[in-house]
Ligand SMILES: Nc1ncnc2c1ncn2[C@@H]1O[C@H](COP(=O)(O)OP(=O)(O)O)[C@@H](O)[C@H]1O
Ligand SMILES: [Mg+2]
């Protein structure tokens, strides 16, 4: 659905996005995680066709965005990280305005607006002024507005940022619903665990580059505080996984074709016990050891990013 190829964006001499590539298959949710200033917003604006890259390209459904912005616009729903103030506009008028912008015939608008208000849980606020809504409600309205033309690809730039825990959960529920509707989603956040539940895969971006990408378990494991153990076996992989699962302090087991990896925050004695159990159950172990994690530094930075952002808000 979306392919970003060697995307580069310079602001003057400053390199904000540096040869960044990513792919999102149809129906997948890709979490774009990184500290403030990593280049997430810049990338998303380019993907949405709102900014031209310095080099590289973006394909949506095989169509080059920079060459055919008008063709892909109908496929894209973009929720910016920052949205303006709308004096004297009621919630339903606001959505009607966006329907008009997408040239949706007047006769179809009421039904679309009703459905969207239902989806984002704002039906009771349709006659309220936009400026009177809480931040969480405004953000949900902004999400609704990005959906008026029923796009298949959603680009959501930190939709949960600045929200209190309750509003975050409400937002997350709506995003899950969009996922169930089969939308393809590129969503950014500077908080890794927040995206884990929702996303099919995650890319960690720093200084305009993706420094790690993969499925959620892999990334979570690499960025957690526990150490990562890896085993290789000649036979008995099923048994091995079963035994490992039963051990305390084990998390996120990943089964690769030729190895099993898992997070572990137990003691040295407990580590030894795992090996003992494996061998004792007839698993032919050829390798058992700790794997170096390379995401810890990044994770620390991402965590710091949270602190910075909280300060700003
Ligand atoms: N219009 C701009 N002009 C100059 N520098 C910019 C502009 N927009 C963003 N930047 C810089 O580019 C970098 C990436 O910004 P951004 O894409 O907003 O990152 P993120 O969304 O990950 O926080 C930051 O260092 C930011 O200061
Ligand atoms: Mg941003």
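The values are calculated or read from the model by the stated rules, or taken from the named source; none is laboratory data. What you see is a predicted model; the values in this text were computed from it and never measured. Using ideal geometry, Cβ is built from the backbone for each residue, glycine included, and neighbour counts are taken over all protein chains shown.
Summary table
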item: Selection from the stretch 51-65 of residues that are in contact with a strand residue (DSSP E or B) (Cβ under 8 Å, 6 or more places away or on another chain) and within 13 Å of ligand 1 (Cβ to nearest atom); result: 51, 53, 54
item: Residue 219, sole failed condition from (1) away from ligand 2 (no atom under 16 Å from the Cβ); (2) assigned to a helix (DSSP H, G or I); (3) under 17 Å from the mean Cα position of the chain (by Cα); (4) in the same structural domain as residue 75 (by TED's automatic domain parsing); result: (4)
item: Criterion violated by residue 36 - all others in (1) within 13 Å of ligand 2 (Cβ to nearest atom); (2) in a strand (DSSP E or B) satisfied; result: (2)
item: Residues of the stretch 36-50 that turn out to be near ligand 1 (Cβ under 7 Å from one of its atoms) and more than 12 Å from residue 156 (Cα to Cα), as a count; result: 5
item: Any chance residue 73 is in contact with a strand residue (DSSP E or B) (Cβ under 9 Å, 6 or more places away or on another chain) and away from ligand 2 (no atom under 14 Å from the Cβ); result: no
item: Residue among 208, 182, 162 that is at positive phi and surrounded by 22 or more Cβ atoms within 10 Å (Cβ to Cβ); result: 208
item: Residues being at pLDDT below 95 and in a strand (DSSP E or B) - total across the stretch 137-184; result: 0
item: Whichever residue in the stretch 13-27 is in contact with a helix residue (DSSP H, G or I) (Cβ under 9 Å, 6 or more places away or on another chain) and under 29 Å from residue 181 (Cβ atoms) and, among such residues, is farthest from ligand 1 (Cβ to nearest atom); result: 27
item: Conditions (1) out of contact with any helix residue (DSSP H, G or I) (no Cβ under 9 Å at 6 or more places or on another chain); (2) surrounded by fewer than 21 Cβ atoms within 10 Å (Cβ to Cβ); (3) in contact (Cβ under 8 Å) with a residue 24 or more places away in the chain: number failed by residue 121; result: (1)
item: Subset of the stretch 29-48 that is surrounded by fewer than 21 Cβ atoms within 10 Å (Cβ to Cβ) and touching a helix residue (DSSP H, G or I) at 6+ places or on another chain (Cβ under 9 Å) - its residue that is modelled with the highest pLDDT; result: 37
item: Counted residues, the stretch 156-213 - those being closer than 15 Å to residue 24 by Cα and within 10 Å of the chain's Cα centre (by Cα); result: 12
item: Lone qualifier among 88, 81 - being within 16 Å of ligand 1 (Cβ to nearest atom), touching a residue at least 12 places away in the same chain (Cβ under 8 Å) and part of a loop (DSSP other than H, G, I, E, B); result: 81
item: Residue tally, condition away from ligand 2 (no atom under 15 Å from the Cβ) and under 11 Å from residue 34 (Cβ atoms), over the stretch 170-205; result: 2
item: Flag if residue 169 is in the same structural domain as residue 93 (by TED's automatic domain parsing) and buried (at least 18 other Cβ atoms within 10 Å of the Cβ); result: no
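Rundown of residues vs (1) within 16 Å of ligand 2 (Cβ to nearest atom); (2) assigned to a strand (DSSP E or B); (3) under 14 Å from the mean Cα position of the chain (by Cα), yes/no style:
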| residue | (1), (2), (3) |
| --- | --- |
| 6 | no, yes, no |
| 9 | yes, yes, no |
| 32 | yes, yes, yes |
| 41 | yes, no, yes |
| 44 | yes, no, yes |
| 49 | no, no, no |
| 53 | no, no, no |
